[in-house]
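First up is the structure itself, then whatever we jot down about it.
The values are calculated or read from the model by the stated rules, or taken from the named source; none is laboratory data. Quick caveat, the model's predicted, so the values are computed rather than measured. Every residue, glycine among them, receives a Cβ derived from its backbone with ideal geometry; neighbour counts consider all protein chains shown. Note: areas computed on protein heavy atoms with side chains; ligands, DNA, RNA excluded. Shrake-Rupley method; radii C 1.70, N 1.55, O 1.52, S 1.80 Å.
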Amino acid sequence: MISVTEAKALISEQIKLLNPIPLALIESSGHILAEDVYAQYNIPAFRQSAMDGYAVIYDDHAQALKLVGEMAAGTSNTLHIESGETARIFTGAPLPEGADTVVMQEKVKISEGKIQIEDQQLNLGSNVRPIGSEIKSGELAMPAGSLLSPAAIGFLAGIGITEVKVFPMPEVAIIVTGKELQKPGSVLDFGQIYESNSYSLSAALKSEGITSIEILQADDDLIILTSILQAALIKNDVVLLTGGVSVGDYDFVLEASKRCGVRQIFHKVKQKPGKPLFFGTKGDQLVFGLPGNPSSVLNCYYNYVLPAIKKLSNKENSVREITATLTHRYEKTAGLTHFLKGVYTDAKVTPLHAQESFRLSSFAQANCLICLDETQQEFAVGEKVNILLLPQ
Ligand code: AMP
Ligand code: MG
């Protein structure tokens, strides 16, 4: 059996970035840019007013000015002002030719039809956005590796970009195994349970912006599971299986993976919950066999699957590891890293009730996982421990 750290390193070693794809800018939220983006135009492309007011020639600022026209945003009018003249102008509008400065409308006095500037702070070029003041044609707008945040997408749209080359999100298949599993909403017969792992996993994947999620269900039958896994491996970058990964008579994930040409990287990790975790690869495809208990599934998801999925898309891990002060003592035997569902507030962390791996009620309230070291047995109140902050 390997340690948690070894398991994480072995997974990380296997990951190759997905091949970049072109994507419509509007579809690219949350992706990482795979190439530098250069500005194709000067933005703004014309001298633009930053205020509602009057376009003037700065040297005229002491004179009473004659109003000769108007420039509104979006106008294609061309207007020329001469010395002694001014034009009404609005935010975003192009300056008339001849003008070099905009006076805010609050800073003028109008008397006898003439405009008198009353602005001690006015300078040459005040309230004018010069050509290319956001960005100049040919300049680097955003380097490869940048996250396409809402602001980044707005910025690129604002400089006229419509398509970007990005690292795609992986396509993921979820295969739940177990003869006992029934869809929520159905009536349960004796011995049956509601299937919940595909719900928690697909919710987690969707919150990462992953849209290609295939959900499949297999009975505890080697032939059926092998053919479902084979089908899932035709197109998906990542296959997540849940259940059937131990050594019981009805646990067929390892054998089915072998028959599908999946190379085992490891099986079993010194951790609780989720000890029987399996990880293998087929070419660049990643196959995770997650132990079936709902809490083990999510524990393994946050510890191993999510960081792997992020790395495929060249994204940073969203599970942050920090330290916190334990509010309750905890005792365990040495040999396994324990992950406890916990609540983190104000630098303190409290383990929740219901830590059993078949239960999700405490996970549903948790905002972190408390990582208790493999070798240590006793954890005192006030002790500093590592925690994984769960993405919200
Ligand atoms: P297994 O790893 O197949 O032995 O499953 C361990 C436990 O998790 C069993 O009690 C299963 O019934 C339960 N389990 C397995 N898969 C699911 C699932 N998709 N949803 C809810 N519980 C499950
Ligand atoms: Mg099972």
Go ahead and set up a Gaussian network model of the chain, Cα springs under 10 Å, then flag whichever of PRO273, PRO184, PRO307 fluctuates most. PRO184
Leaving ligands, DNA and RNA out of it, report the carbon-plus-sulfur percent of the accessible area of the chain at a 1.4 Å probe. 51
Count neighbours as other Cβ atoms within 10 Å of each site's Cβ, and list the trypsin sites (Lys or Arg not before Pro) in region 84-158 that are DSSP loop with at most 11 such neighbours. none
Given all pairs of distinct Cα atoms, region 1-101 yields a Kirkwood Rh in Å of 18.4
If I model region 320-389 as equal point scatterers sitting on the Cα atoms and use the Debye formula, what is log10 I(q)/I(0) at q = 0.23 Å⁻¹? -1.00
Any idea how far the Cα center of region 316-392 sits from the one of region 141-196, in Å? 27
Within the P(r) computed for region 48-129, what percentage of the Cα pairs occupies the region above 14 Å? 53
Can you pick out the pairs among LYS272/LYS310; LYS272/LYS311; LYS235/LYS341 whose Cα atoms lie more than 28 Å from each other? LYS235/LYS341
Principal axis extents for the chain, Cα atoms only, whole Å, descending order, please. 97, 51, 43
If you average the alpha carbon positions of region 1-77 and of region 87-101, how far apart do those two centres end up, in angstrom? 24
Considering the chain as a Gaussian network with a 10 Å cut-off on Cα pairs, which listed residue, GLU70, GLU106, GLU163, attains the greatest mean-square fluctuation? GLU106
Name the aspartates and glutamates eligible as straight-distance cross-link partners of LYS109: C-alpha to C-alpha under 17 Å, and not fewer than 8 places from it in the same chain. ASP52, ASP60, GLU85, GLU118, ASP119
Solvent-accessible surface ranking, highest first, for THR323, THR281 at 1.4 angstrom: THR323, THR281
Could you name the lysines in cross-link range of LYS268, using Cα to Cα under 18 Å and dropping any fewer than eight places away on the same chain? LYS8, LYS258
Output wanted: per-residue J couplings in Hz (rounded whole) for region 208-218, from phi through Karplus 6.51 cos²θ - 1.76 cosθ + 1.60, θ = phi - 60°, x for Gly and Pro. 8, x, 7, 10, 8, 10, 10, 10, 10, 10, 10
At 7 Å along Cα-to-Cβ for each site, give me the label-to-label distance between GLN377 and GLU139 in nm. 6.5
Rounded to the nearest 10, the angle in degrees between the Cα long axis of helix 197-206 and the longest principal axis of the Cα atoms of the chain comes to 20
Contour minus Cα-Cα distance for PHE46 and GLU27 (0.36 nm per residue): 3.9 nm
Provide the gained length on full extension for the span ALA72 to PHE190, in nm with one decimal, where the gain is 0.36 nm per separating residue minus the Cα-Cα distance. 35.1 nm
I want the antiparallel fraction of DSSP beta bridges within the chain, as a percent rounded to 5. 65
